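Okay, structure first, notes after.
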Amino acid sequence: MSILLKNARYVLSSIWREPSNRGQRVKRVLQFFGWQFWKRAVRMPVVVELFNGHKFRAYPDCQMSAGAIYTRIPDSQDILYLRKHIRQGTLIDVGANVSKRGKVPTKTR
């Protein structure tokens, strides 16, 4: 099996098994194929609405963008832990190039 197929199989399997994608698995797999086409053919960023209503600009050359597109809650285990244990205050994501964690823990207003 080629490396390309192995990588695609790994990503599709990860999308399917992601707990936050329950009820949206087919949608997220279709978004995988759509994003792969878009980032190669159009090569322009898209704005993705996260589950809490915040916006995230997904760039074709940014690996973090895939997490916002392929999952309902990016890094769901980390985010759900933070939401459970941090009631108020400020979260500082030190050293982040692209901070998904900075926007995701907040709840929809």
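Just so you know, all these numbers are worked out from the coordinates, no wet-lab data involved. These numbers come from a predicted model, not from an experiment. Note that we place each Cβ from the backbone using ideal geometry, even for glycine, and neighbour counts take in every protein chain shown.
Observations, loosely collected:
- With a Förster radius of 30 Å applied to the C-beta separation of Leu5 and Tyr59, the computed FRET efficiency comes to 0.75.
- Cα pair count fraction exceeding 22 Å, expressed as % - the stretch 3-85: 24 percent
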